[in-house]
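Comments concern the structure below.
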Amino acid sequence: MNRVESVIKNILIDLDGTLTDPKVGITTSARYGLEKIGHPIAEDLNIDWIIGPPLKASLAKLLNVDVSDVLADQALQGYRERFAVTGLYENKVYVGVAETLAQLTQQGFHLYVATAKPTVYARQILEHFDLAQYFKVIYGSELNGERTNKGDLIEYILQQEQLHAAECVMVGDREYDILGARRNQIQGIAVSYGYGSSEEIQHAAPAKIIHTFSDLPDMVAVLNQAKVS
């Protein structure tokens, strides 16, 4: 006898490292913020790892202080001073993203952005690249740091939209996306082209891994087929 589970109808999608490559804007703005408070970092220091997790915690780590330290706040304010004006647009959309989002909406899926980036910035970026039209709602964190934790954010989205976890999937490039989804009983699909290392992704143990964003519709179809077989 075939088993039938709720099929995926809602797709929650990360922004940085999944829909767009924000490396230049984020890292340059972080360096600006640190230099502004008198703590410049070496030009050859790789800080790509700050892309994805809550930024204040990453800046605190670079400063070697606790996240509650005033220096972390000052560095974050300096970061935002540059990012809000320039860094937002030092960004590029990954190949196939717009076409794939259009395909998914045409297929009847409801798409939601789920990013640790403040909602105000996420909305500006997606509108700038003409991607906002594909999403029912753009969800991010608050400027005060609320919902920078991906698990908290996903929980909030489920509550606000009255979504059933079994009818959702989360797509992202970092362990925070996959682990945050699992905390809310949602399957996760990891993208391999973002800022999570292969070791990080394997350790997070997503349900599936895709190597280009255009693979997403087929992978969701595979997950749904498994639910009804």
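The values are calculated or read from the model by the stated rules, or taken from the named source; none is laboratory data. As the structure is a computational prediction, the values presented were derived from the model and not from experiment. Glycine gets a Cβ as well: all are built from the backbone with ideal geometry, and neighbour counts include every protein chain shown. Accessible surface areas use protein heavy atoms only, side chains included; no ligands, DNA or RNA. Shrake-Rupley method; radii C 1.70, N 1.55, O 1.52, S 1.80 Å.
List of remarks:
- Positions within region 140-168 being open to solvent by less than 50 Å² (accessible area, probe 1.4 Å), in contact with a Lys or Arg (Cβ under 9 Å, 6 or more places away or on another chain) and not acidic (Asp, Glu), in sequence order: 140, 141, 145, 148, 150, 151, 153, 154, 163, 166, 168
- For region 1-56, the set of residues classified as more than 26 Å from residue 131 (Cβ to Cβ), open to solvent by 80 Å² or more (accessible area, probe 1.4 Å) and among the charged types (D, E, K, R) consists of 3, 5, 35, 36, 43, 44, listed by residue number.
- Across region 62-82, not a single residue is classified as in a loop (DSSP other than H, G, I, E, B) and either open to solvent by less than 30 Å² (accessible area, probe 1.4 Å) or among the aromatic types (Phe, Trp, Tyr) (or both).
- Of the residues making up region 83-113, those that are open to solvent by less than 50 Å² (accessible area, probe 1.4 Å), closer than 20 Å to residue 17 by Cβ and either part of a helix (DSSP H, G or I) or polar (S, T, N, Q) (or both) number 9.
- Checked against (1) without any contact (Cβ under 8 Å) to a residue 60 or more places away in the chain; (2) on the phi > 0 side of the Ramachandran plot, residue 52 passes all but a single condition, namely (1).
- For region 12-35, the criterion of being more than 19 Å from the chain's Cα centre (by Cα), under 20 Å from residue 174 (Cα atoms) and without any contact (Cβ under 8 Å) to a residue 60 or more places away in the chain is met by none of the residues.
- Every residue from region 114-133 that is crowded, with 21+ Cβ neighbours inside 10 Å, touching a Ser or Thr at 6+ places or on another chain (Cβ under 8 Å) and assigned to a helix (DSSP H, G or I): 122, 125
- In region 201-225, the residues that are under 15 Å from residue 107 (Cβ atoms) reach residues that are in a strand (DSSP E or B) and among the polar types (S, T, N, Q) with C-beta atoms within less than 9 angstrom, at least six apart or across chains, in these pairs: 223/187.
- Scanning region 208-229 for residues that are out of contact with any helix residue (DSSP H, G or I) (no Cβ under 6 Å at 6 or more places or on another chain) and either open to solvent by 50 Å² or more (accessible area, probe 1.4 Å) or at pLDDT below 95 (or both) yields 209, 211, 212, 215, 218, 221, 222, 225, 226, 227, 228, 229.
- Scanning region 137-167 for residues that are within 23 Å of residue 5 (Cβ to Cβ) and either in contact with a strand residue (DSSP E or B) (Cβ under 8 Å, 6 or more places away or on another chain) or among the acidic types (Asp, Glu) (or both) returns 154, 155, 157, 158, 161, 163, 167.
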